[in-house]
Amino acid sequence: MYTIGIDVGGTYTDLVAIDEHGTTVFAKSPSTPADQSVGVMAGLEELARRLKLTREKMLGVTDRIVHGTTVATNALLERKGAKVALLTTEGHRDVIEMREGLKDNRYDLRSPPPPPLVPRERRFGVRERLKANGEIAIPLDDRSLDEAIAAIRRSGANSVAVCFLHSYLNPVHELAAVERLARELPDISISRSSDVLPQIKEYERVSTTIVNAYVRPLVRHYLGNLEQRLTEAGFKGSLFIILSHGGMAPVEEASRLAAGTVLSGPAGGISGARRCADLLGVPDLVPFDMGGTSTDISLISEGRASLSADGTLAGQRIALRSLDIASIAAGGGSIATVDAGGTLRVGPESAGSVPGPACYGNGGSAATVTDANVVLGYLDAGAFMGGARPLDAAAAEAAVDGVAAALDLERIEAAAGIFRMINLKMADGIRLMTLRRGVDPRKFALLSFGGAAGLHAAEVARELELKRIIVPVAASVLSAWGMLTSDLRYEVSRTHYGAAARISNDEARNLFKDLEQQATGRLRAWFGGPMTTERSAEMRYGEQIFEIDVALDGLDWNAASPVDAIEDRFHRRHEELYTYASRDQEVVFVNARVAAIGEVSQRGQDARPTPSAGACAPRGTRQAWFGAWSEVPVYALDDLRPGHALAGPVIIEAETTTVVVDAGDRVTVNALGWLDIALR
Amino acid sequence: MSSKIDPITRSVVQHRLSSIVKEMGEAMLRTTYSQILNSSRDFSLAICDTRARLIAQADHLPVHVGALPWATLVVEDRFKDVAPGDVFLLNDPYHGGSHLPDLTVFVPVFDGQKRLLWTIVRAHFSDIGGATHGAYNPGATEIWQEGLRVPPIRLSEAGRPREDLLDLLALNVRNPREFRGDLAAMLGAANLGERRVAKLFSEFGASVVEAAIEAILDATEQQTRAVVSTWKDGVFLGEAFLDDDGHGRSDIRIAAKVTKKGSDIEVDLSDSDPQSTSFVNSSHANMQAAVAMAFAYLIDAEIPKNTGALRPLKVIAKQGTIVWADPGRPVTLCTSHPSNEIVEAIVKALSASCPDRAMAGWSRRFRIAIQGEDPRTGKNFIWHLFQARPGGGASSGGDGYSSIGEWHSVGGLKFGSLEVAEVRFPLHFRRHEFRENSGGDGKFRGGLGVALDLVLETAKPARGNTAGDGVRYGPCGMLGGKDGVPHDYRLISEGRPPRPLRTKEVGIEIRPGDCLEIRSSGGGGYGPPAERTAEARARDCEQGLVTGDAPAGQGT
């Protein structure tokens, strides 16, 4: 039997199959943005070919497919989602457009405001109001609801978000409105805030509910389509979707909470990184995923990826808990420019994949990071993508010459400058992330994956004073590979009305017990295997407005005062993050959270390559720039076996990635066949 | 000093310096104690050199940043024996500060025995002693009523904090624990910056960093001059008026005579009205910062905001006027007023020189604080109005932002959740929506203000204080655009006639069940209303931003 992981990226759809012996097979196939399921089915065809099976035969012996999709992500980025209407409390319909009074870019007073996902004419107020304790101040007014529903009908919306003030405490009005909506407009997609995010803070709740309404029809349609194609192709197992929090869920759940799929793609990469940490016994990793237009950075600390509810995507606030991933606008396609003051800048503009870097020969003329890498000799123009897509070195040189002329420098100096600036940018991103998490970056190893990461990993690591870089064999398909080990996860949360008074021990016990029943009950409907739960709380000091996450694993709930213990954990966590705790200050318990986790059976360990006794011979040499030109041996990753050791400078090439190692750095190949690089 | 440094090294050093200030900001945000800092982000960071030149800053509050070189200058003048591990502090507006609630911390960065740079953190404290809570005291007639004055002092000596001085400071504010917590956060951020800059010295060598800094400032100057030289030459006049000073004077004029020649700009504020007896006066550093802020808004957003960008700018003003008060005068309101009016006068003047760049008026600040007892807990509360953000000005780029802020904050002040406010305070936010018809009409419409109906749910009367301006003058229209509709706050109390609130009042009685009808101003419009397209007008109506027959914001 096989388990298959499928990650749909911007350019390629990556697939990994693993059998019960731990043997893995990879395949890549072009993505098909118009209907991603076309590329997925073609990729499955390619995967079957590599397994020497027919697709039907392969799917017939596959019991689980785990899928990361960018359908929701792209809908938000390209503004191609549903036509959404908002039903909200009368007098409060502009919350989404007020954006809490904030705007980006302090000194830019000439750019107009970004249009909200739901324009004002489709935001409708309903006469109703709850008090801050959940009691009804104004009952839901039927006539005003009827008028709003009639207006929604006239507006032509095909999806509606329902969000009333204080509904996180008492959903009675939202439920009544949804019931009426479903009766009057049976074909409309409905997202209810007390279902999507039953938590205090109206901006977060209404924005998240609107995002859900915006992407849900597309996600539902796509997943339904894919499920049908798979069934027709002979698949009888279960299809699971990776969610932004890194766990997976069945299609039905992913369609309900569609806003929870916006980080589905990169979430697989974090699962892969966590699996790497586990296999290596290295608990602290910085996953560094550099692609063509952007670089995703996250942290695995003590073997765990952290979740945060601070997320925004394409300017939209999404307050569902998701993996803490920082996406930096820096990649192989980042464009180098020289401003009027003669300062070199790299990015954030990107040549993307069309036209792409100048060396792609698709009509791009701007100098990009990839062009600089060609000039520096790090990339072999003839061998790019295994020789399937040779690069135009002359075009790269001409593009870099433009930058060199503007800086009054030699071509090679300009290329080295571009290389350096992009590395600085990525190092900054990592430094800020570690600062936010309250950890010292120097104890981490850099986990390099994604097509462009190997070219830059060593210099980025050096900038941060990291001492070690790991390049896993599955580097180019790490997301798909990581999906193979994802667990099922269902999260529930509830706000405790506790800001005015301390939560009591019994309230806390009952709150978590209720949530746990709710979460495990739901998970049980999908899954019969072993289950665990995680409890956590979001808390703050009285006057603060940011809550922090406090893990409650291992807490003794039968002790005399679990609340004392919870508060103690809060103080300690606060001190870890922010260097101080204020034990005499009032502590506010805001949200309780429970995650139910279904542990799927893992396939056997990854098969280990046989070590080689002999030394490895390079495939050749080439000129590369390390402050001066030097003749550098070039190895093929495929030739390297456990036990091999190389001293920099060397270049190691694989079909889809290149790793550059400087003088003084040492590469060893570990028992898994991965590169383990010690920096000088 | 070497005049030639390779452009890559310069670019790298520039990037490093600006990322160091960003990191300091992140550390500050995460470690500050009080709401005004961690929520409203009323703080700023910078790196200056020993010649008090601004080398790098992070985009926090524009009105702080231009003031920091002036503060640095005073520290340099006062202390000639700066040693590694020293920390300096000041707040006094007559010793380099802007107004008393803004405390500024300086940490020197050395390369060996040679002192080269300062890492600087400025933050607004929620209390600084004085006659009223929260420093804004409309009744003050001299600075001693506004709070504790701190000239440049040595807060730490060779790495050891001077606890006696800390005790003295903390004893003079109403919330000593919060004060100490925030001050510790500032020191933490400044020290972080010091460590990172020191590492930069050790990596490149101090002389390379110094040469790079000269090159960075020169390059920024060149970039700025390239922009300014495209503007029309001439002598241009602009003016703006404060509603009043709260002590009986109205229509206080801020006048800007701006001379643009080649790539140079001279701003002369000498013609502005005489100083006031109230807190609407500006300190010298704050006036300089306001002029720099106006200029920064008009050049390109991407140009680094350092001393190089300000080299084309020359500022002339006269002591004893509203923009530069004599020692001893109260000045607490100055970071908002007359800062906003100084900006407005300069932008108006230069609108004839660079019409595509001049934006219509952003709003003025009108704050209100309510103090009372929460009947649910029996505890006292103090609530500050951050909601009902006013509108932003339109520009050649399009319509203005709605619900966004004032000239001095421009979308940098966050208002919190109403749901949380209702849980925390005995307040009911009955309505909080765009204020229709408030944006100034024009080819591009000003952003809308907000209509807030706020009901007090106490058992006993509460008291309110106000501080601000802009109930008579709305944000200015630009190049034929109309002014935005001014602020209009009213107290609706059963059995009494509606009472308009003045902008500088103390001790307003607010009874249980009273409703504050707060209508914040809309931004100014840009370009003649006749040029607004029919589609844009139809869109305004469809969205309900403009209702009835009258076009928006006929102004005053």
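Bear in mind these aren't lab numbers, they're just calculated from the coordinates by the rules spelled out. As the structure is a computational prediction, the values presented were derived from the model and not from experiment. Please note: Cβ atoms are built from the backbone with ideal geometry, for glycine as well, and neighbour counts cover all protein chains shown.
Data for the structure
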item: Antiparallel content of DSSP bridges confined to the range A:569-668, in %, to 5; result: 80 percent
item: Counting all C-alpha pairs of the range A:503-616, share separated by more than 16 Å (%); result: 68 percent
item: Mean Kyte hydropathy of -1.0 or more with a Cα span along the axis of at least 18 Å, helices from DSSP in chain B; result: B:7-31, B:176-204, B:206-228, B:284-298
item: Fewest-first sequence of A:422, A:470 by Cβ atoms within 10 Å of each Cβ; result: A:470, A:422
item: Gain upon complete extension [residue A:504, residue A:680; 0.36 nm per residue less C-alpha separation]; result: 57.8 nm
item: Label-point separation in nm, residue A:46 to residue A:327, each point 7 Å along Cα→Cβ; result: 2.2 nm
item: Added length on full extension, which subtracts the Cα-Cα distance from 0.36 nm per residue, residue B:168 to residue B:542; result: 128.7 nm
item: Gain upon complete extension [residue A:389, residue A:405; 0.36 nm per residue less C-alpha separation]; result: 2.9 nm
item: Listed residue pairs exceeding 24 Å between alpha carbons, taken from B:314/B:414; A:80/A:201; A:443/B:199; B:314/B:348; result: B:314/B:414; A:80/A:201
item: Scattering curve values for the range A:142-254, log₁₀ I(q)/I(0), Debye with Cα scatterers, q = 0.14 Å⁻¹; result: -0.68
item: Helix A:36-50 vs. chain A, principal-axis angle (Cα, 0 to 90°, nearest 10); result: 50 degrees
item: Computed Rg/Rh of the range B:154-219, alpha carbon atoms with Kirkwood Rh; result: 1.19
item: Among B:46-55, A:108-117, B:327-336, B:370-379, the order from most to least packed when residues are scored by Cβ within 10 Å on average; result: B:327-336, B:46-55, A:108-117, B:370-379
item: For the range A:1-134, convex hull volume per residue from C-alpha positions, Å³; result: 228 Å³
item: Kirkwood Rh in Å, taken over the range A:619-666 so that all alpha-carbon pairs contribute; result: 11.1 Å
item: Cα Rg over Rh - the range B:510-550, Kirkwood; result: 1.20
item: FRET E, pair residue A:525, residue B:511, Förster distance 51 Å, beta-carbon r, rounded to 0.05; result: 0.40
item: Point-to-point label distance, residue A:546-residue B:78, nm (Cα→Cβ direction, 7 Å offset); result: 3.1 nm
item: Residue (of B:377, B:84, B:33) at the positive-pole extreme of chain B, dipole from beta-carbon charges; result: B:84
item: Nearest-ten-degree value, helix A:453-463 long axis tilted from longest Cα axis of chain A; result: 80 degrees
item: Computed log₁₀ I(q)/I(0) - Debye formula, equal Cα scatterers, no solvent, chain B, q 0.05 Å⁻¹; result: -0.20
item: Within the protein assembly as shown, percent of DSSP bridges classed antiparallel, to nearest 5; result: 80 percent
item: Kirkwood Rh in Å, taken over the range A:398-448 so that all alpha-carbon pairs contribute; result: 12.9 Å
item: Total charge dipole magnitude, chain B, about the Cα centre, Cβ charges on Lys, Arg, Asp, Glu only, Debye to nearest 20; result: 320 debye
item: In range of the label at residue B:270: residues from the range B:311-348 whose backbone nitrogen is under 11 Å from the point 7 Å along Cα→Cβ; result: B:316-319
item: Other protein chain Cβ atoms within 10 Å, averaged over every residue that makes up B:303-313; result: 1
item: Spin-label model distance (nm) - residue B:261 vs residue A:576, 7 Å beyond Cα toward Cβ; result: 6.4 nm
item: Within-15-Å neighbourhood charge of residue B:47 [Cβ basis; K, R +1; D, E -1]; result: +2
item: Cα Rg over Rh - the protein assembly as shown, Kirkwood; result: 0.96
item: Dmax and Rg, reported as Rg then Dmax, of the range B:273-397 (C-alpha, Å); result: 18.2, 59
item: 10 Å-binned pair-distance histogram of the range A:107-155 (Cα, whole percent); result: 21, 30, 27, 16, 6
item: Overall form of the range A:203-272 per C-alpha gyration tensor (a/c, 1.5; a/b vs b/c); result: oblate
item: Measure of compaction for the range A:278-420 (Cα Rg per 2.2 N^0.38 Å); result: 1.24
item: Rel. contact order, % - alpha carbon contacts under 8 angstrom, at least six apart, chain B; result: 13 percent
item: C-alpha long axis of helix A:264-280 to longest principal axis of chain A, angle in °; result: 60 degrees
item: Whether chain A is rounded, prolate or oblate, judged on the alpha carbon gyration tensor where a/c under 1.5 counts as rounded; result: prolate
item: Interchain or long-range residues, amide H under 5 Å from residue B:117's placed H; result: B:109
item: Likely footprinting exposure, A:483, A:421, fewest C-beta neighbours within 10 Å first; result: A:421, A:483
item: Residues listed by number, the range A:240-263, amide nitrogen under 17 Å from residue A:80 label point at 7 Å toward C-beta; result: A:262
item: Residue (of A:112, A:163, A:91) at the positive-pole extreme of the range A:52-195, dipole from beta-carbon charges; result: A:112
item: Net charge dipole size for the protein assembly as shown [Lys, Arg +1 and Asp, Glu -1 on Cβ; Debye, nearest 20]; result: 500 debye
item: Sequence-separation-based contact order of chain A, relative, with Cα cut under 8 Å and 6+ spacing, percent; result: 12 percent
item: Sorted by Cβ neighbour density within 10 Å, fewest at the top, the residues B:444, B:201, A:444, B:381; result: B:381, B:201, A:444, B:444
item: Dipole magnitude of the range A:549-630 about its Cα centre (Cβ charges: Lys, Arg +1; Asp, Glu -1), debye to nearest 20; result: 960 debye
item: Volume per residue that the Cα convex hull of the range B:193-321 spans, once the total is divided by residue count, Å³; result: 138 Å³
